[in-house]
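Structure, as C-alpha cells:
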Amino acid sequence: MTPTPSVRRRPTALRLLAGAAVLAVGLLGAAAPAQPASATTAGTAAASTTRALPVTVQVLDVAPTVLRPGQDLVVRVRLTNDGTTTIERPGATVRIERIRPGTRAELQAWLDSPTDAGGRVGAYVSAATSDVPLAPGAQTELVATVRAQDVGLLDRPDVWGARGLAVEATDGGTRVGLQRTFVLWAPEGQYTQARVSVVAPVVGAATVPDGVDVDAPGPTAADLTAPDGRLTTLLDAVRPFDDVALAVDPALLADVAKPPAGDETPPAPDDDATAGPTQEPTATGPAGTAAPGDDATPDPGDGSDDPVPGVSPAWADDLRSLAAGRDVVALPWSDPDLAALAHAGDTGLLTAATDATSAGVDALGLTGARTDVLLAPGPSTDQPTAELAAEAGAEVLVTAAGDLAATGDVTVGARSEVTTGTGTLTALTPDPVLSQLLTDPTVLDPAATSATALARTLAELSVIARAGTLAPPHVLVTTPRAWEADPDLVAAVLTGVQEAPWSRTTPLTALLGTTSGTEQRTPLPVSTTAETELGPEQVRRLDDARSAAIDFAQVSDDATDLLAGLDEAVLAPLSVAWRSDVGARQTLVDGVVAAVDARRTGLSIAPLSTQRIISASGDLRFSVRNELDVPASVRIVASPRKACLRTEPSELVTLEPGAEQVVPVPLHAVANCEVQVEAVVTTSAGTPVSPTLTFQASVTPTIESVGTAVVGVLLLVGLVLGIVRTVRRGQSARRGARLVHESDARSLPVLGGIPEDEK
C-alpha cells in the first residue's frame, strides 16, 4: 500500500480533502509538495499566451544522472534570448511530472506537449533567477537545486524509471521559454536490464578508380584519416567502449597497401601495409579483386616532400589495434549499395564484393571479422534487398532503423526472422530513437544537449526494461555511414547506459545469440527505391563490362595481370558513399565502363584485301598480333555471310607477348559467289577477344573443277583411241613371221663364237 505523508490535524472537511488528494497522489506513485504562489502566477500567465516563446532553454547538466532517495537534484541550464526584447528578470523554474510514463509513446507525448498553457509541465520543485537583464542574442547560465525532500517521489522498489522534468524560462514570473526532458528515479531494489548493442560503420569516402577523370564528392580518405579527420574522431569516440562493434570496409584499409607510383613491389607484410585481395580466376571468373592500383604515393621515408594521399598508415594501425578487442564486421568490398543491386536483380557484383572481402580480411589485419553480416543502406529496407542478402549467402542483414516495427503498442527487440525465397534470414533492426540520440540528438530536438540526450536514452531504456520480465528486449543502436562522432556525447550516453541500474551495453555477438521474439511486426515493403540509389540499367552496364573483361581474360593461363583492379573499378560507383552526388556518379559509371572495355584490347587481325578462292578446299591465312603483356592462347573463327563458302575454326595457337603469327583457317567452297566474311580472334571457349575483321571473298571453285575435268577427259580419250587403234590393226605377215622366228631362235651365243656342235 502506498504510504501517505503526515499532515497536521485540521477540521474534518479539510482532512477529507487532504486525504483524497494524498490518495490520488499515492495511486500515481508520487507525493507532490505544495507550490508557491509565484508558480501558480507563472502558470496563469502562460495560459494567456500561445505565441512562440522567445527564449531557448538548454539543459546543460542534471546531476546526478540517476537520482536516488535522499539526494538533491542539481539542474544547470542555459537561457538564450532569441527574441528582440530584453528579458528584464530572467529566471529558470524547475518542475517535475510525477506520473511515470508506462510506454515509449507516453514518453514522446510528454516531449511533444505544447509549450503554451495547454501543455503539461509538472509540479514546481525549484527555481533560480538572475539580476542581470538578458538582452536579445545574449545568453546566461543558471543553476537550480531541488532539495531531496522536495523531489516528491516515493521510495519504493517498484516505482523506478523516468519522470518528466521541465525547465521553464521566466521573465518576472511570465513564461518566455520551456524545455522538457527527464529525471531518472532509482530507489533501492531489483531491476531488469535492457541490453544495448552498438554497431558503428567505418567506411570511407566515395572513391574514383585509376584512369577515370571524375571529382569525388566530400573529403578524401587522407582527410578522413588525418589526426583531425572524421574517421580518426570516430575511433577516439568508441575507443573506451569495447562493446561497440565496428563494421569496416576492407577497401579502406587496403588503401595503405598501395605501392609507390612506378614501384611494383608491394609493402612487406611486416610493415602492416598489407595488400588487398588478389584475383583468383575460376571457371566463372575471379573470386576476388586486386589491391588498389598505381595512384598510391611514396612512403614519406623515401625523401618525398609531397603529402601522402590515401589512408594514413597510423590510422590503419590504430583501427587494427582497436578491432582486435571487439566484434568486427567486414563489409563487402567498397561497401556496395545493396538496394541498387537488389533492384537490378544482380547477385554477381555482390558476390564479387563479398568474395573480395573474404579473400583479403586476414591479410588486412581483420582476422576473425564476420563476413556474413550485411548492412542495408536505407532509408528503408524492402523485400528484394533481403532476398539479395540471402542469395549472396549472408546470415544477418542489418536493416534500416524503424523497419519491422511492432504492429501494436509493444516494445520489441532488434532481432527478428525474415523469410525469403532462399531461406530464413536473421534481421537486426536498429532502434531509430536511440540511434539518433547517440549520433545527433538535435534532429529530435534542436535544443538538445548531451545531458538531455542521456536523460531521454535512459528514459527510453527504463520503459524497455519494464516491457520484459526475465528477458527484456535486446535493442540495437547504429550510427550513419558518414557519422560525425561527438566523443563527449558518445561518452555521456554510453557511460550512462552502463551505469544505470536498468540497462547495460553488450557485444553484437550477444544480440546474435538471442532468440527472436514472437511479436507481430510490420513486413518489409514489397519494393521501395531511394531517389539517390544507382538505377538498374547502370548496375547492369557495370556487371556486363566486368563479365566481358573476365571472359577476355580466358586468353591467358594466368589472368591475374589482366584482372588486376577490375573489381575495385567496377564496385567503386556502387559504393553507398556515391549517393551524395548522383551527377558525378553517372559520369563515373560511364568512365568505368569505358576503362573496363579498354581492358579487352591487344589482340587483332591484320586487314585483308579481297580474297580470290578458286579451290574447293584450302586455307584462309590470317596474321594475328598479340600486344598484351601475357601469352595468349587463341583461335580464329571466320564466318561467311553465304552458304557458298564454309569455314572451320583454326587450331588453338599461343602467341607470345608482342608476337605476330599467321594462323590458317580451313575452308570449303561449294559454289561461285561474292561473299562477305567476318573473322575474329576467340578464346578456346569461343569468346570473341578482338575487333571483327570484315573482308570480301570472290569464290570461283568451278574454274579449278572445269580444268581438272578437261584434262581427265583428254587423257581418257587418248587411252580409248590407243586401244581401238591397236585392235583394228591386228597382226601383219611380217610381224607374225618375226614373232615365230624369234620364238624358235636358239639361245644367244656365248662370248667368243658359236659352239661347234651348232655349226
Most to least packed among 171-180, 59-68, 348-357 [average Cβ atoms within 10 Å]: 348-357, 171-180, 59-68
Exposure proxy order (Cβ contacts within 10 Å, fewest to most) of Ile605, Ile613: Ile605, Ile613
Inter-label distance, nm, simple model (7 Å from Cα along the C-beta direction), Val132/Arg504: 4.6
Protection-proxy order for peptides 156-168, 675-687, each taking the mean of Cβ atoms within 10 Å per residue, highest first: 156-168, 675-687
Gln149 paired with Gln611, simple spin-label distance in nm, labels 7 Å along Cα-to-beta-carbon: 11.2
Inter-centroid distance (Cα atoms) of the stretch 79-101 relative to the stretch 436-454, Å: 19
Cα centroid of the stretch 648-701 to Cα centroid of the stretch 530-575, whole Å: 29
Loop-located trypsin sites (Lys or Arg not before Pro) in the stretch 79-113, at most 15 other Cβ atoms within 10 Å (DSSP): none
Amide proton proximity set for Arg175, modelled H, under 5 Å, gap of 5+: Ala46
Relative packing of peptides 428-439, 564-575 - highest average C-beta neighbours within 10 Å first: 564-575, 428-439
Selection of trypsin sites (Lys or Arg not before Pro), the stretch 635-682, meeting DSSP coil and at most 16 other Cβ within 10 Å: Arg641, Lys642
In sequence order, calculated HN-Hα J values of the stretch 92-106 (Karplus, 6.51, -1.76, 1.60; Hz; x Gly/Pro): 9, 10, 9, 10, 10, 8, 8, 7, 6, x, x, 9, 5, 5, 6
Spacing of the two label points (7 Å from each Cα toward its C-beta) at Asp242 and Lys642, in nm: 8.4
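A short reminder: the numbers here are calculations on the coordinates, not readings from a lab. Predicted model, so just to flag it, every value in this text is computed and none were measured. Because the Cβ atoms are built from the backbone with ideal geometry, glycine has one as well, and the counts that use them run over all protein chains shown.
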